[in-house]
Amino acid sequence: MNSAIKLVSIEKHNSILKLIMNDHKSKNALSNKMIFALMNAISSACDDKSIKVIVIAANGNVFSAGHDLKEITEARKSEDNGDSFFKELFDSCSALMQTIVNSSKPVIAEVNGVATAAGCQLVASCDLAIASKDSKFATPGVNIGLFCSTPMVALSRNVHKKNAMEMLLTGDMIGSVKAKEIGLINDFVEVDQLTRTVMALADKIASKPSSTVATGKKAFYEQAEMSLSKAYEYTSEVMRNNLLRDDAKEGISAFIDKRSPDWQDN
């Protein structure tokens, strides 16, 4: 299935929805239009029971260069020096990142090329990320007098704090090896193996009961912000409710009977 959306091409491969940023002339910048195109596609996918996993990829050799600095510069010509535009831009970008985290469907970043600033934020916000071996990542705002404060939110929640601070304070580019070491990405592969690797991972996740996956994803992010005692109290309740569902009953029975489960997704 192909979409006529200009900035984001949409492909559906069985139960996997692939969103491909397609504005390589602007280095797949997260302009307001790109942000809303991605957010609308993800929100629609969450309402589609046939979709179990979402993949975000990009055309060109830049995954995303972050916000469009030309768009930002143009906004300064307004009477308020761009203030209202800046508010809208960062509010909408923050909403996109939260849409990814709050999505009931797992979201995988397929990164081939450079991901900087808000582009790096997008990678960090996805549940999983696989990159090509030569991909590079940076939060270089400090180099142009604009600290990457919003990318810092996703970065600091997904990589070791001192590594996050190093990226934020130096603005230096890191390669895929370092990105894996600090937890920004799950793995890296040769570029000709990237899509195959991502789709194999997506297929594996899609084979699990979607209601169980949605429960687990929500609980993962919820408990991460709680104290230890609150986290155990909350997740104990989640597991109790999970055990009462048909898919848990079927999965346990299938394990005991040494057969493949027949998921009903409820």
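The values are calculated or read from the model by the stated rules, or taken from the named source; none is laboratory data. Because the structure is predicted, anything quoted here is derived from the model rather than measured. In this analysis, Cβ positions are derived from the backbone assuming ideal geometry, glycine residues included, and neighbour counts consider all displayed protein chains.
For segment 145-172, a tally of residues being more than 24 Å from V55 (Cα to Cα) and touching a residue at least 12 places away in the same chain (Cβ under 8 Å) returns 11.
Listed here are the residues, each with its yes/no results for (1) of a type outside the set (A, V, I, L, M, F, W, C); (2) without any contact (Cβ under 8 Å) to a residue 60 or more places away in the chain; (3) not in a helix (DSSP H, G or I).
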| site | (1), (2), (3) |
| --- | --- |
| S84 | yes, yes, no |
| F90 | no, no, no |
| C93 | no, no, no |
| M97 | no, yes, no |
| L122 | no, no, no |
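Applying the condition of being of a type outside the set (A, V, I, L, M, F, W, C) and in a strand (DSSP E or B) to segment 1-60 and asking which residue is modelled with the highest pLDDT yields K18. Those helices (runs of 4 or more DSSP H) of segment 147-236 in which 2 or more residues are within 12 Å of F137 (Cβ to Cβ) occupy 149-156, 161-170, 176-181.
Return yes when K204 is under 30 Å from K133 (Cβ atoms) and surrounded by 17 or more Cβ atoms within 10 Å (Cβ to Cβ) and no when it is not. No; evaluated as a whole, the condition is false for this residue. When N40, N61 are checked against the criterion of being touching a residue at least 40 places away in the same chain (Cβ under 8 Å) and surrounded by fewer than 19 Cβ atoms within 10 Å (Cβ to Cβ), a single residue qualifies: N61. So is A138 closer than 26 Å to S43 by Cβ, in contact (Cβ under 8 Å) with a residue 24 or more places away in the chain and touching an Asp or Glu at 6+ places or on another chain (Cβ under 9 Å) or not? It is false that A138 is closer than 26 Å to S43 by Cβ, in contact (Cβ under 8 Å) with a residue 24 or more places away in the chain and touching an Asp or Glu at 6+ places or on another chain (Cβ under 9 Å).
Where residues in segment 115-137 are in contact with a strand residue (DSSP E or B) (Cβ under 7 Å, 6 or more places away or on another chain) and surrounded by fewer than 23 Cβ atoms within 10 Å (Cβ to Cβ), which of them is nearest to T170 (Cα to Cα)? Ranking the qualifying residues of segment 115-137, first place goes to K136. Looking across segment 247-266, just one residue is polar (S, T, N, Q), at pLDDT 90 or above and surrounded by 10 or more Cβ atoms within 10 Å (Cβ to Cβ), and that is S253. In segment 82-90, the condition of being surrounded by 14 or more Cβ atoms within 10 Å (Cβ to Cβ), assigned by TED's automatic domain parsing to the domain that holds C46, under 16 Å from F36 (Cα atoms) and in contact with a Leu (Cβ under 9 Å, 6 or more places away or on another chain) is met by at least one residue. Going by the conditions given, is S176 over 30 Å from S50 (Cβ atoms) and modelled with pLDDT of 95 or more? So S176 passes the test.
Restricting attention to segment 64-81, and to residues there that are surrounded by 13 or more Cβ atoms within 10 Å (Cβ to Cβ) and of a type outside the set (S, T, N, Q), which single residue is farthest from K208 (Cα to Cα)? Of everything passing the filter in segment 64-81, A75 is farthest from K208 (Cα to Cα).
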